[in-house]
Each structure stands twice: as structure tokens, then as C-alpha cells.
2 protein chains.
Amino acid sequence: MPKKDDIKIFKGLENIYICETSISFIDGKEGKLVYRGIPVEVLAEKSTYEEVVFFLWFGHLPRKDELEEFEDEMKSARKLDEEMKDMIEKFKTSHPMDLLRTIVSIMGLSNSEKKKSDEEKALEIISKVPTAVAYHHRISMGEKPLEPSDELDHASNFYYMMTGRSPDEKISRIMNATLILHAEQGLNASTFSAIVISSTLSDLYSAITGAVGALKGPLHGGANEKVMELVEKIGKPENVESEIEKMIAQKHRIPGFGHRIYKTFDPRYRILKRYSKEMVRNDEDERYYRIVERMEEEVLKKLSGKGIFPNVDLYSGILYKFLGFDRRFYTAVFAVARLAGWIAHIFEYSKMNKIIRPCGYYVGPMDVEYKPLEERE
Amino acid sequence: MPKKDDIKIFKGLENIYICETSISFIDGKEGKLVYRGIPVEVLAEKSTYEEVVFFLWFGHLPRKDELEEFEDEMKSARKLDEEMKDMIEKFKTSHPMDLLRTIVSIMGLSNSEKKKSDEEKALEIISKVPTAVAYHHRISMGEKPLEPSDELDHASNFYYMMTGRSPDEKISRIMNATLILHAEQGLNASTFSAIVISSTLSDLYSAITGAVGALKGPLHGGANEKVMELVEKIGKPENVESEIEKMIAQKHRIPGFGHRIYKTFDPRYRILKRYSKEMVRNDEDERYYRIVERMEEEVLKKLSGKGIFPNVDLYSGILYKFLGFDRRFYTAVFAVARLAGWIAHIFEYSKMNKIIRPCGYYVGPMDVEYKPLEERE
């Protein structure tokens with residue numbers, strides 16, 4: 001055993017590099033995020049989710065014929081098998097992330113012994129997961145679930161299956177943008193779970209199942225649901241100041257703020273804030289928007305000196321609410337988007353694979369005697 | 001972005017310490033493994049699986065009353081719900097690890113919104129998983145699945161449910177020993193997956209689902225199945241030398257040999273070898289045993305100079321075969337045992353939790369122009 005002075009413990013693996021990557025780059029000081037060299041704001045404004053998926057997975061922006069083929073493949077894989085529909089019906093009261101984790105695992109069962117390529121599996125997962133999430137959303141809202149529409153792009157079809165409404169041009173842009181903004185973010189905990197699992201040469205379904213489980217956690221994707229719980233608890237803009245003060249005094253983490261890497265404004269937050277504002281349609285929406293804006297003002301006043309700034313989760317919750325999504329599904333909407341990044345990293349890491357196995361530094365006792373049961377105190 | 005010269009990439013996180021631990025210590029040079037200070041050989045000879053689970057989870061050997069209570073709690077949680085039985089029946093042709101991953105995820109569904117303590121969830125998982133694996137094993141062998149027996153200890157009951165036979169004293173000891181030997185092994189890839197997932201404060205089912213997915217990989221738990229495939233391919237002891245020579249010449253990894261940490265004989269290998277020998281009952285068993293022993297001789301002769309020695313997987317496959325387990329289930333039997341270590345590490349890490357989020361070093365392009373679709377080549 002090495003001596004304690006000779007070793008260093010890297011808690012949370014903060015600032016530890018585990019591989020090279022060409023997928024995305026975050027400049028946490030400047031608040032920049034690029035996917036393969038293109039700023040995320042540009043992609044959110046101009047690109048579609050399908051194009052970004054292709055770009056993240058294969059490394060170049062698709063030509064027209066490549067994109068059309070890719071879009072067709074994604075469209076044709078959207079429908080759920082009957083057994084998945086049965087499972088969703090049967091477990092409709094479960095948390096959407098628990099059910100999604102199970103659905104991805106079940107996708108792997110049907111293909112357990114089949115020889116699909118990883119690209120085929122990836123297309124299946126990224127195409128069917130939005131359908132499964134929307135199917136569950138509709139049933140749990142007491143609405144009839146909808147079949148996917150071949151007329152709509154990936155993001156617009158997801159909106160349609162979630163809400164039953166056909167999106168206008170503005171909503172199509174917002175849906176594409178929010179999926180693009182949430183598509184990729186380096187080696188966060190869920191992406192890293194997927195990499196660790198696939199580093200054993202296990203399969204794609206196992207890796208994505210693990211990633212969904214990790215994203216569920218309130219320190220990760222679960223935060224957007226927590227923001228909304230807090231907004232509802234606060235109730236009106238006038239209550240924000242005292243509630244935030246109380247949370248800071250009690251050293252509670254404030255959901256929607258702070259990030260391991262960003263030490264300034266998260267570039268995604270600005271865009272989501274703008275879209276949230278554009279989606280305000282009535283007094284209730286206005287009240288929600290004002291609460292979040294007041295939270296932002298208070299936290300910035302009190303904590304920005306400590307490097308705590310609004311993150312991607314702050315406005316995504318109310319944006320999803322204004323779009324008509326139920327709160328319990330916010331993290332699942334995040335998962336629908338993040339599949340792009342998870343799979344991009346699995347593909348990339350597999351080309352330089354090394355099984356991931358860190359160490360724990362043993363501080364327990366040595367030479368413990370195994371006392372017979374009768375002699376123990 | 002830091003300059004490339006200023007950073008170091010820790011591939012596979014080899015020799016990187018991520019936390020302190022008091023659960024187990026491996027001395028890879030001396031070939032020693034202790035659980036909380038007691039050599040694993042002592043526990044394999046004298047202890048029971050239930051006792052080792054208690055010891056790993058709670059940090060001390062149980063008193064008589066503590067052990068009895070713990071055994072009773074485990075016994076009373078063994079039975080499967082009808083919906084799990086239905087799932088196993090429905091997907092009985094799937095790979096046992098894919099189905100096990102799904103079953104653990106489904107356990108989380110039923111409890112999705114219930115407020116069970118983590119200890120209750122852990123007891124449920126460790127008690128029901130062997131029943132689920134055995135249920136699948138029996139069905140896939142065309143046999144009637146069996147209900148758990150309250151008369152038997154955990155390991156003996158697992159053997160009974162797998163094979164339909166009541167274990168004699170020798171088999172009970174071997175079953176306890178093999179589960180104890182596979183119970184814990186530091187921050188291997190599956191345990192680390194579980195820790196990464198639960199570091200987001202996600203739930204125990206998500207963490208164990210991820211761990212099962214990681215263990216499935218042929219670079220990890222899947223290796224014992226691969227050893228047996230190789231043994232069957234080799235067919236007879238006389239063929240060993242040429243096959244091993246060929247694999248070495250082609251730089252193929254030889255399953256059952258080599259380990260990230262052990263650079264000498266794995267202490268678990270010796271015990272499993274002895275038990276395999278004791279379980280030889282006929283000429284066919286003898287032939288299998290001789291093939292593995294010849295593999296060991298050849299690999300040691302050719303590769304021990306490079307630090308490649310037999311590992312835990314080398315004899316576990318034939319031991320499981322001699323016990324009557326089907327080859328496709330070997331990794332699932334490993335999972336049944338390793339639940340102890342996965343859960344021990346989740347409990348331990350949660351007390352010092354920090355979300356795990358490493359970095360990738362960006363080597364991709366910057367300032368890439370977003371060309372309109374029509375202008376791309």
C-alpha cells in the first residue's frame with residue numbers, strides 16, 4: 001500500500017482528464033460551449049436536432065443526401081413495439097425516469113441475441129425514446145397516446161406526441177433549440193456512467209440504461225424538476241427574496257444555479273431565458289417567469305461573487321411548463337436530448353477503449369481476527 | 001483551455017485514487033485480498049455469505065442476534081412479485097445479464113414513489129436477485145422454476161433454486177465460498193459505475209442497474225463465460241498448447257488471465273481451483289478440468305514474465321459447470337455475489353458524496369463555420 005503522503009485523492013475527479021475528445025469544448029471562465037468547433041448558440045438558431053446528432057456522432061456536418069438518409073432512418077425507427085406500450089401502460093404511475101430506464105433496458109432484451117450494428121442500435125434508441133416518453137406523458141395526463149407523425153422533424157414530432165398540438169414555426173424552432181442546447185456537455189456524470197459501462201465492452205443498451213439512471217439524480221438532470229418545485233413553493237415574486245435568503249442561510253443548494261465547470265453565465269441559460277419569455281401567454285405564465293427572474297436577481301446579488309451563476313436548468317423548467325409538459329417529465333425531456341451526447345461519447349471512447357477502474361485508498365483496519373460468532377460482543 | 005503540456009491524461013483511471021475506503025484492500029504484488037481487514041480465504045472457509053454482506057455493509061462482524069435478524073430479513077424478501085415472473089417468462093430467450101438488468105430496473109418501478117429506506121431497498125435487491133436469476137435459469141433449461149426455501153441459507157438456497165437439488169454440506173460450503181470470493185473487489189468498473197450513478201443522488205435501483213450492465217462486458221464479469229467458450233472450443237487437453245500459442249501470436253486477450261491490479265496469483269483463483277478439483281465427478285468433468293489446468297501451465301510459462309497470471313475467472317466457469325449451472329448464466333451468478341460489494345460502496349461513498357465529473361481534453365477544431373446545407377461538399 002502506498003503511504004498516505006505519496007498519494008492524492010481526486011474527489012469527484014474534478015479537473016481530471018480521462019481522454020482526448022473532439023466532441024465538445026466548454027470554456028467555463030468565458031461561458032462558451034462549442035460542439036465540434038461551432039458555438040452552441042449558432043446551432044440552436046440555425047440547425048436541426050437531427051443535423052446536430054449526425055454532427056456529434058460522425059464528426060462533420062452532413063451533406064444534403066446524408067442528412068436526408070439519416071432523417072429517414074430516424075423517422076422509420078420511431079414506433080414503439082407493443083410490449084413497450086404494454087409496459088408503459090402497466091407502470092404508468094412510476095416516475096418517468098424510472099420507466100425510461102426500464103424501457104431502454106427492455107429495448108436491449110428484444111435485441112439481446114441479434115447482431116445489430118452499434119449504429120443501428122443507436123438510431124433505434126434515439127428514435128424510440130421520445131416516443132416512449134411522450135406515450136407515458138399522454139397516459140399519465142389522462143390523454144390518449146399518439147403515434148409519431150412522419151410529416152414532422154424529430155423535435156416537432158416530439159412536441160406533437162407530448163401535447164397533441166401541431167407546432168407552429170416558432171415552437172418548432174424552440175423545440176429544436178432546446179434539444180440542441182441539451183444535447184451534449186462533455187463528461188458529465190451521466191455521460192461518464194455510459195463510458196464506464198461501455199469500457200467493459202458491454203452493449204449500448206446497458207450504457208444508456210446507466211446514463212438515464214445517473215441523469216435522474218437531483219445533482220444532475222433532476223435539477224430542472226427541482227427548480228419548478230421551488231418556484232411553486234415560492235408561489236409569488238414577492239416571496240423570492242426571503243426564501244432565497246433562508247436557503248442561503250441554511251446552506252441549501254439552490255437548484256438552477258452553480259456548475260462544476262461554468263464559473264460565469266452558462267451560454268445555454270441566455271437562450272432558454274429568451275425562449276421562456278417569448279412563450280409567456282397569460283398571467284400565470286407571467287407570474288412564473290417573474291419568480292424565476294427574481295430568483296436570478298437575488299442569487300446573482302448574493303452568490304455570483306462565489307462563482308455561482310444561473311445554469312441550464314434555471315429556465316428550462318418554466319419553458320417546458322409553457323410548452324405544456326408535466327413537471328414530472330422535465331428530466332425525461334432532458335434525456336431525450338442528451339442521448340445525442342451520450343452516444344457520441346460512447347462511439348468516440350470505443351475507438352481508444354481502456355477499461356475504467358480507479359482505486360480507493362484503503363484506510364480500514366488490517367489483521368482483523370475472525371472471531372467465532374459466540375465470542376463476539 | 002490548458003495547454004497540452006500542462007495536462008496529463010489518466011487513461012482508464014489506472015492508479016487514480018478517487019476516495020478513501022474501508023471496505024477492502026488488494027495487494028496486487030503479494031496477491032492478497034482482505035475485506036475490512038480479514039483475508040478473503042479465512043472468510044471463504046469459515047463465514048457465510050449473509051455474514052459477509054453484513055460485515056461489508058455495516059463495518060463489523062454481526063453479533064448472533066444481529067446476524068439472525070439480518071438472515072430473517074433476507075429470507076423474507078426472497079420471493080418474486082408476479083410481474084417479475086411474467087417478465088422473465090416473456091423474455092426467457094434473452095441473455096441472462098440483459099434480463100437481470102431489466103429486472104432490477106423493474107424493482108425500482110414498483111418502488112418508484114414509495115419511501116423505502118436505502119437499507120430496505122438493498123435487502124430487497126440482494127434477496128430477490130438470486131431468485132430472479134434462478135427462475136430464469138430453470139425456465140431456460142426447460143425446467144419448472146422453484147420457489148425459495150426458508151430452510152436454507154442464502155447461498156444454499158440459490159443452488160437449490162438453480163438446480164432443483166438440495167445441497168450437501170460440501171456444496172453448501174462451496175456455494176458460500178464462491179459467493180464470498182466474488183462479493184467485493186474494490187472500485188472495479190461495475191462498482192465504479194454504481195458509484196458514479198449514485199453520486200448524482202439518484203436511487204439504488206438506478207445504480208445497481210448500471211452496475212449489472214457494466215459487469216456484463218467481456219472485459220469484466222463476462223470473462224467467465226468467455227473462458228468456458230474457449231475451453232469448449234479447445235475440446236481436449238492436447239489442443240491447449242497450439243491454441244494458446246496461436247492466441248498469443250495473434251495478440252488476443254486470453255480470458256481468465258491478467259488483471260489491472262494483481263500482478264501475481266489472485267488469491268481467489270487458488271480456492272476456486274481447489275473446489276473445481278473437488279467437484280470433478282466423471283470423465284467429462286476431468287477433461288474440462290485438465291484443459292483449464294493445461295491452459296494455466298501454458299500461459300504461466302509464456303506470459304507470467306509479463307505479469308499475466310490466472311485470475312478469478314479461470315476456474316469459476318468450470319466450477320459453475322460442475323455445479324450444474326448453464327454457461328450463459330455464469331456472469332449472472334457473479335452478479336448475485338457482487339451485489340454485496342456494489343451496495344457496500346454505494347453506502348460508503350454516499351457519506352462523503354461528491355458528484356463524479358471528469359474532463360476530456362478537447363483536441364477538435366475551433367471556429368468552425370456553420371455552412372448552409374446547400375454549400376456543403
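Condition test on A:Lys85, is it among the basic types (Lys, Arg) and either touching a strand residue (DSSP E or B) at 6+ places or on another chain (Cβ under 9 Å) or within 9 Å of chain B (Cβ to nearest Cβ) (or both)?
The answer is no for A:Lys85.
Answer with yes or no whether A:Ile18 is in contact (Cβ under 8 Å) with a residue 24 or more places away in the chain, closer than 13 Å to B:Gly360 by Cα, touching a Phe, Trp or Tyr at 6+ places or on another chain (Cβ under 8 Å) and among the β-branched types (Val, Ile, Thr).
Numbers: in contact (Cβ under 8 Å) with a residue 24 or more places away in the chain: yes; closer than 13 Å to B:Gly360 by Cα: yes; touching a Phe, Trp or Tyr at 6+ places or on another chain (Cβ under 8 Å): yes; among the β-branched types (Val, Ile, Thr): yes.
The answer is yes for A:Ile18.
Please specify each residue of segment A:283-301 satisfying the condition of being closer than 12 Å to A:Val227 by Cα and either touching a Pro at 6+ places or on another chain (Cβ under 7 Å) or not in a helix (DSSP H, G or I) (or both).
Selection gives A:Ile291, A:Glu296.
Hey, among the residues in segment B:172-205 that are β-branched (Val, Ile, Thr) and either out of contact with any Ser or Thr (no Cβ under 8 Å at 6 or more places or on another chain) or open to solvent by 10 Å² or more (accessible area, probe 1.4 Å) (or both), which one's nearest to B:Ile139 (Cα to Cα)?
Let us first name the residues in segment B:172-205 that are β-branched (Val, Ile, Thr), namely B:174, B:178, B:180, B:191, B:195-197, B:200.
Then keep just the ones that are either out of contact with any Ser or Thr (no Cβ under 8 Å at 6 or more places or on another chain) or open to solvent by 10 Å² or more (accessible area, probe 1.4 Å) (or both); that gives B:174, B:191, B:195.
Details: B:Ile174: 24, B:Thr191: 29, B:Ile195: 33 Å.
Here the answer is B:Ile174.
Give me the pairs, please: first residue somewhere in segment B:26-44 and on the phi > 0 side of the Ramachandran plot, second residue anywhere and of a type in the set (Val, Ile, Thr) and open to solvent by 10 Å² or more (accessible area, probe 1.4 Å), beta-carbon distance under 7 Å, and either six or more positions apart or on two chains.
Pairs that qualify, where the first residue is on the phi > 0 side of the Ramachandran plot and the partner is of a type in the set (Val, Ile, Thr) and open to solvent by 10 Å² or more (accessible area, probe 1.4 Å), are B:Gly31/B:Thr264; B:Arg36/A:Val368; B:Gly37/A:Val368.
Select from segment A:184-219 the residues that are in contact with a strand residue (DSSP E or B) (Cβ under 9 Å, 6 or more places away or on another chain) and at the interface with chain B (Cβ under 7 Å from one of its Cβ atoms) and list them in ascending order.
Once the filter is applied, which keeps residues that are in contact with a strand residue (DSSP E or B) (Cβ under 9 Å, 6 or more places away or on another chain) and at the interface with chain B (Cβ under 7 Å from one of its Cβ atoms), segment A:184-219 yields A:Gly186, A:Leu187, A:Phe192.
Could you tell me whether segment B:259-266 includes any residue that is open to solvent by 10 Å² or more (accessible area, probe 1.4 Å) and outside any loop (DSSP other than H, G, I, E, B)? Spell out how you get there, then give the answer.
Of segment B:259-266, the ones open to solvent by 10 Å² or more (accessible area, probe 1.4 Å) are B:259-261, B:263-265.
Next, from what is left, pick out any that are outside any loop (DSSP other than H, G, I, E, B): none.
The answer is no; no qualifying residue exists.
Where in segment A:70-176 are there helices (runs of 4 or more DSSP H), lying fully within it, with 1 or more residues that are among the hydroxyl-bearing types (Ser, Thr, Tyr)? Full working, then the answer.
Working: elements: A:82-90, A:96-110, A:118-140, A:154-163.
So the answer is A:96-110, A:118-140, A:154-163.
Those residues that are in contact (Cβ under 8 Å) with a residue 60 or more places away in the chain and either open to solvent by 40 Å² or more (accessible area, probe 1.4 Å) or within 22 Å of A:Val280 (Cα to Cα) (or both), I need them from segment A:138-155; list them, please.
Step one: of segment A:138-155, the residues in contact (Cβ under 8 Å) with a residue 60 or more places away in the chain are A:140-141, A:145, A:147-148, A:150, A:153-155.
Across segment A:138-155, the qualifying residues are A:Ser140, A:Met141, A:Glu147, A:Asp150, A:Asp153, A:Ala155.
Is one or more of the residues making up segment A:221-232 open to solvent by 70 Å² or more (accessible area, probe 1.4 Å), closer than 20 Å to A:Ser304 by Cα and over 20 Å from the mean Cα position of the chain (by Cα)?
No; the residues of segment A:221-232 include none that is open to solvent by 70 Å² or more (accessible area, probe 1.4 Å), closer than 20 Å to A:Ser304 by Cα and over 20 Å from the mean Cα position of the chain (by Cα).
Filter segment B:335-370 down to the residues that are of a type outside the set (S, T, N, Q), more than 7 Å from every other protein chain (Cβ to nearest Cβ) and open to solvent by 20 Å² or more (accessible area, probe 1.4 Å) and list them by number. Please lay out each step first, then the result.
Within segment B:335-370, the subset of a type outside the set (S, T, N, Q) is B:335-349, B:351-352, B:354-370.
Narrowing the set further to residues that are more than 7 Å from every other protein chain (Cβ to nearest Cβ) leaves B:335-349, B:351-352, B:369.
Matches in segment B:335-370: B:Phe347, B:Glu348, B:Lys351, B:Met352, B:Glu369.
Within segment A:98-112, which residues are of a type in the set (A, V, I, L, M, F, W, C) and either open to solvent by 20 Å² or more (accessible area, probe 1.4 Å) or more than 8 Å from every other protein chain (Cβ to nearest Cβ) (or both)? Step through it out loud before you land on a result.
We begin by selecting, within segment A:98-112, every residue of a type in the set (A, V, I, L, M, F, W, C); these are A:99-100, A:103-104, A:106-107, A:109.
Residues satisfying the conditions are A:Leu100, A:Ile103, A:Val104, A:Met107.
Going through segment A:220-257 one residue at a time, which ones are away from chain B (no Cβ under 14 Å), among the small types (Gly, Ala, Ser) and touching an Asp or Glu at 6+ places or on another chain (Cβ under 8 Å)? Talk me through it step by step, then tell me what you get.
Taking segment A:220-257 as the starting set, the residues that turn out to be away from chain B (no Cβ under 14 Å) are A:227-251, A:254, A:256-257.
Subsequent filtering for residues that are among the small types (Gly, Ala, Ser) retains A:235, A:242, A:249, A:256.
Residue satisfying the conditions is A:Gly256 alone.
Looking at segment A:156-168, I want the residues that are within 14 Å of A:Ala337 (Cα to Cα) and have a partner that is among the hydroxyl-bearing types (Ser, Thr, Tyr) with Cβ atoms under 6 Å, at least 6 apart or on another chain. Which pairs are those?
These pairs meet every condition: A:Ser156/A:Ser172; A:Asn157/A:Ser149.
Scan segment B:294-327 for residues that are among the aliphatic types (A, V, I, L, M) and more than 19 Å from B:Glu232 (Cβ to Cβ) and report the count. Lay out the reasoning, then the answer.
Pass one, segment B:294-327, residues among the aliphatic types (A, V, I, L, M): B:295, B:299-300, B:303, B:308, B:312, B:314, B:318-319, B:323.
This time we only want the ones that are more than 19 Å from B:Glu232 (Cβ to Cβ), so: B:300, B:303, B:308, B:312.
Matching residues across segment B:294-327 total 4.
Scanning segment B:127-137 for residues that are in contact with a Pro (Cβ under 8 Å, 6 or more places away or on another chain) and of a type in the set (Ser, Thr, Tyr), which turns out least open to solvent (accessible area, probe 1.4 Å)?
Step by step, filter segment B:127-137, then rank; the result is B:Thr131.
Kindly provide the set of residues from segment B:231-256 that are within 22 Å of B:Tyr330 (Cβ to Cβ), in contact with a Leu (Cβ under 8 Å, 6 or more places away or on another chain) and among the hydrophobic types (A, V, I, L, M, F, W, C), ordered by number.
Scanning segment B:231-256 gives a single hit, B:Ile254.
Residues to consider are B:Ile26, B:Ile38; find the one that is within 9 Å of chain A (Cβ to nearest Cβ), among the β-branched types (Val, Ile, Thr) and in contact with a strand residue (DSSP E or B) (Cβ under 9 Å, 6 or more places away or on another chain). Walk me through how you get there before you give the answer.
Numbers: B:Ile38 fails: in contact with a strand residue (DSSP E or B) (Cβ under 9 Å, 6 or more places away or on another chain).
The match here is B:Ile26.
From the set of residues in segment B:49-97 that are within 21 Å of the chain's Cα centre (by Cα) and of a type in the set (A, V, I, L, M), which is surrounded by the fewest Cβ atoms within 10 Å (Cβ to Cβ)?
The selected residue is B:Met74.
Just wondering, is there one or more residues in segment A:9-17 that are more than 8 Å from chain B (Cβ to nearest Cβ), surrounded by fewer than 17 Cβ atoms within 10 Å (Cβ to Cβ) and not β-branched (Val, Ile, Thr)?
Filtering segment A:9-17 for residues more than 8 Å from chain B (Cβ to nearest Cβ) gives none.
No, there is no match, as no residue in segment A:9-17 is more than 8 Å from chain B (Cβ to nearest Cβ), surrounded by fewer than 17 Cβ atoms within 10 Å (Cβ to Cβ) and not β-branched (Val, Ile, Thr).
From the list B:Pro255, B:Pro237, pick out the single residue that is under 27 Å from B:His95 (Cβ atoms) and not basic (Lys, Arg). Lay out the reasoning, then the answer.
Values: B:Pro237 fails: under 27 Å from B:His95 (Cβ atoms).
Result of the check over B:Pro255, B:Pro237: B:Pro255.
One line per residue, one yes/no per condition, for (1) modelled with pLDDT of 95 or more; (2) within 15 Å of the chain's Cα centre (by Cα):
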| site | (1), (2) |
| --- | --- |
| A:Ser193 | yes, yes |
| A:Ser198 | yes, no |
| A:Leu204 | yes, no |
| A:Leu215 | yes, yes |
| A:Ala249 | no, no |
| A:His259 | no, yes |
| A:Tyr262 | no, no |
| A:Lys277 | yes, no |
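Can you find, within segment B:17-32, the residue that is farthest from B:Ile261 (Cα to Cα) among those that are modelled with pLDDT under 95 and part of a strand (DSSP E or B)? Outline the logic, then answer.
At the first step, the residues of segment B:17-32 found to be modelled with pLDDT under 95 are B:26-32.
Retained after the next criterion (residues that are part of a strand (DSSP E or B)): B:26-27, B:32.
Working: B:Ile26: 8, B:Asp27: 8, B:Lys32: 11 Å.
Ranking the candidates gives B:Lys32 first.
The values are calculated or read from the model by the stated rules, or taken from the named source; none is laboratory data. Keep in mind it's a predicted model, so treat the numbers as computed, not measured. Note that each Cβ is placed from the backbone with ideal geometry, even for glycine, and that neighbours are counted across all protein chains shown. SASA here: full protein model, heavy atoms, side chains in, ligands and nucleic acids out. Shrake-Rupley method; radii C 1.70, N 1.55, O 1.52, S 1.80 Å.
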